[in-house]
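No value in this document is a laboratory result; all are computed from the given coordinates. None of these values were measured; they are calculated from a predicted model. Methodologically, a virtual Cβ is constructed for each residue, glycine included, from the backbone with ideal geometry; neighbour enumeration extends over all protein chains shown.
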Amino acid sequence: MTAVTPAAGGGHRVLNVVRMQLINRMTFVWIPLLILGAVFVFSMVIWAMIPYGGPKYSAGAQALIWYLVAVGIQALTLSFPFSQAMSVTRREFFLGTFLTAAVSSVLLAVLCTLGGLVELATDGWGMNGWMFHLDWAWAAGPAGAALAVFAVAMLTFTAGFWGATVYKRFGGLGLAIILVGVGLVGLAALWLVGRLNAWAGVFGWIATAGIVPLSLSLLGIVLVLAATAFAMLRRLVP
Amino acid sequence: MTHVIEVDRLTKRYGDTVAVNEISFTIEKDVIYGLLGRNGAGKTTVMSILTAQNFATSGDVRVFGEQPYENARVLPRVCFVRESQRYPDDAKPPHAFATAKLFFPNWDQELCDRLVDDFQLPMNRRIKKLSRGQLSAVGVIIGLAARAEITFFDEPYLGLDAVARQTFYDRLLEDYAQHPRTVILSSHLIDEVANLIERVLVIDEGRIVMDETTDATRGRAATIVGDADAVDAFTNGREVIHSEALGRVASATVLGTLTDDDRMALTRAGLDVAPVSLQQLIVRMTQRAADERRIREGALR
C-alpha cells in the first residue's frame, strides 16, 4: 500500500485539536453565550425592579466562570480519551486544548470589554446598572479590564483541567490530599504574613498594585497549574 | 516479510498483578491477525501499549521501527478502536467522524457514509444516547474508514447482532482486498473470525501460548471418537490435550497431524475422526496451559 505519509507532527495537528474541541460548537461557543445572555437579561430585569437610584452592580459574569471549570474538567475526562482514539499525542492534545481555551478566553474578554464600553456610553443601560464595567477592574482602562477577564477565564478553565488531571492520575483521595496540601501551604502563607506583621503591606499592595499586576499574577498561577497538568498528562492512561 | 510491530519481552504490572509477562512477538505488514484469549488475558493492555495509550513496565515495543510514545510520525498511521471508547459529551456520530477525518490521513468519507447506511446508524442522536450496538458501530466505522496502516479492533462487535457482525467482517475483507493493511482483531467469537484472520496470536495469563498461521492450526489437532480401549490404544504415546468418556465411548483430542498410516489404523480400529475447530483448539490449549501452570506451581509449593 502506498500510504500517504503524514506530515511529521507539528502545528497542523495542534490546530486540528482546536478544531476537534470546537467541532461541536455547543460547549465552547453557544452555551457560554447563552449563559452570558441569560445572566445579562436577568440582571437587567433585577435592576429594573430595584427602586434604588445609585449604581447597581451585578456579579452575574461569574456564572460563566463556573461554567468554565466544568469545561476544563470535561476537556480532560471526555476529550482526552477521544483524542487518544484519534491517535493524537498527549503534547498535541495539551497544546491544542489550551489554545482553544485561550482563544475562547480572548473572545470572552473582548465581549465583556465591549459590554463595559456600552455600559459606559449608556450610563449603565440607562438604569445605572453595571455588569461589565466595574470601576476597580477598569482602573487601568479597557485593556486592563480585558486582561483581567482573560486571566480569570484562563485560571478557571485551567483549575478545572488541573483538578480533573489530578483526579484521573491519583484518584479522589489523591485529589483531596493535594487540595488539603494546597490549603496547608495557604495557611502557612497566612501565618507567615501574620508573623511578619505584613498584612498592611499585603493589602496595600493589592489595593495599589492595580488590576494589571494582579491579572499577571493570576496568569502566573495558570502557568504553574498548566505545567504541572502537562507533566501528569504525559503519564496519563485514558 | 516486513515487520510493522516488534515486541520484545514486554511486561506490564499493576501492583502485584502481572497483566503481561515478558511476551515477544512480531506483526507482519498487511496481514489480518486474531489476538485471542480469555477476559483479563492481557489483550487490551498489549494493544494500549502498542498505541502509546498505556505504558510498559519493562521491555521494548517498536511500531514501524520506532517507539510509539508521543511519536507524531507513528501514531497517525495507527488506529485503535476500543470496546469502551468514550466520546465528548455532546458529540453526535457526524462529529466523531468529522474529527477522525481531521486526524487520519487516509480517511475515506465515501466508505464512512456507506458504512453508516450499512449499520443503519442514527446520525442525529447524541453518542451517549446510542444503544450498545450502535456505539460499537461508531467505533467500527472509524476503524474501517480511517484506513490506518495498522488498525486495532478490541472486541469491536459488543452489542452488534449477527447480521451487523457479518457486515463488519464482509466490509473489512472487501476493503482489505483493495487497500491491504495490517489489522489486529481481538475477539471472543473465535469460530466467527476464523475465516477472516490469517494468523492467530493466543495470549493467556499475560503469555503468548500460540503464534502461527490460521492454516497451520487446521489439522493441528484431531478428535478421535470410539470404543474407550481402542481410543486409549491409539492415543497412547501421543499428546492428548483433552479427553472425555461416556460409558464405553471415549473421545480424545490429540495434537499433531494425522498421517496416512494413522488414518488406516483408525479405520481398522473402527474409530471416527472429527475435525477440531479453531475455537476448540484454542480452548483446549488454554486449558492445558492453565493445568500445566497449576502443576508447576503445585510442585514449587
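Using a Gaussian network model of chain A whose springs link C-alpha atoms within less than 10 Å, name the residue from A:Pro81, A:Pro142, A:Pro55 with the highest mean-square fluctuation. Fluctuation is largest for A:Pro55.
Note on the stretch B:222-282: the C-alpha convex hull projects to 3.9 nm² when averaged across all orientations. Annotation: amide H-H contacts under 5 Å for B:Asp211 (H modelled 1.01 Å from N, sequence separation of 5 or more, or interchain): B:Val202. Phi angles across the stretch A:123-138 convert, under the Karplus curve 6.51 cos²θ - 1.76 cosθ + 1.60 with θ = phi - 60°, into 3J(HN,Hα) values of 6, x, 6, x, 10, 6, x, 10, 10, 9, 9, 9, 3, 5, 6, 9 Hz, Gly and Pro given as x.
Compute log10 of I(q)/I(0) for the protein assembly as shown with the Debye formula, placing one identical point scatterer on every Cα and leaving out solvent, at q = 0.10 Å⁻¹, to two decimals. Rounded to two decimals, the profile gives -0.92. A cut-off of 5 Å between modelled amide H atoms, ignoring neighbours fewer than 5 places along the same chain, links B:Ala91 with B:Ile127. Sorting A:Ser215, B:Ser84, B:Ser277 by the number of Cβ atoms found within 10 Å of their own Cβ, with the fewest placed first, yields B:Ser84, B:Ser277, A:Ser215. The GNM of chain A, with springs linking C-alpha atoms under 10 angstrom apart, assigns the highest mean-square fluctuation among A:Ala70, A:Ala59, A:Ala153 to A:Ala59.
Can you tell me the equivalent ellipsoid semi-axes for chain A? Use √(5λ) from the Cα gyration tensor, largest first, whole Å.
35, 26, 16
Normalised by the number of residues in the stretch A:10-233, the average gap of Cα pairs under 8 Å and 6 or more apart makes the relative contact order 26 percent.
Across the stretch A:126-195, counting alpha-carbon atoms alone, Rg and Dmax equal 17.9, 52 Å.
Given the C-alpha atoms of the stretch B:21-161, compute the convex hull and give its volume per residue in Å³.
Details: hull volume 18.1 nm³, N = 141.
In the stretch B:21-161, the Cα hull volume divided by residue count equals 128 Å³.
Using C-alpha pairs under 8 Å with a sequence gap of at least 6, the mean separation divided by the residue count of chain B gives a relative contact order of 18 percent.
Expressed as a whole percent, how much of the Cα-Cα distance distribution for chain B exceeds 24 Å? For chain B, the fraction of Cα-Cα distances above 24 Å is 58 percent. By the count of neighbouring beta-carbon atoms within 10 Å, fewest first, B:Ile27, B:Ile203 end up ordered B:Ile27, B:Ile203. Averaging the sequence gap over all C-alpha pairs within less than 8 Å and six or more residues apart, then dividing by the number of residues, gives the stretch B:221-300 a relative contact order of 36 percent. Summing Lys and Arg as +1 and Asp and Glu as -1 over all other residues whose Cβ lies under 11 Å from the Cβ of B:Gly65 gives a net charge of 0. Helix-only arithmetic for chain A: the sum of -39500 (n - 2.57) across DSSP H runs with n ≥ 4, divided by the residue total, places the mean residue ellipticity at 222 nm at -25500 deg cm²/dmol.
Can you tell me the 0 to 90 degree angle between the C-alpha axis of helix A:31-49 and the longest principal axis of chain A, rounded to 10? Its long axis makes an angle of about 10 degrees.
Neighbour counts of C-beta atoms inside 10 Å place A:Val41, A:Val222 in the sequence A:Val41, A:Val222, starting with the fewest. Computed over the Cα atoms of the stretch B:176-293, the ratio of the radius of gyration to the Kirkwood radius (Rg/Rh) comes to 1.04.
Comparing B:Met47, B:Met264, B:Met285 in a Gaussian network model of chain B where C-alpha atoms under 10 Å apart are linked, the largest mean-square fluctuation is found at B:Met264.
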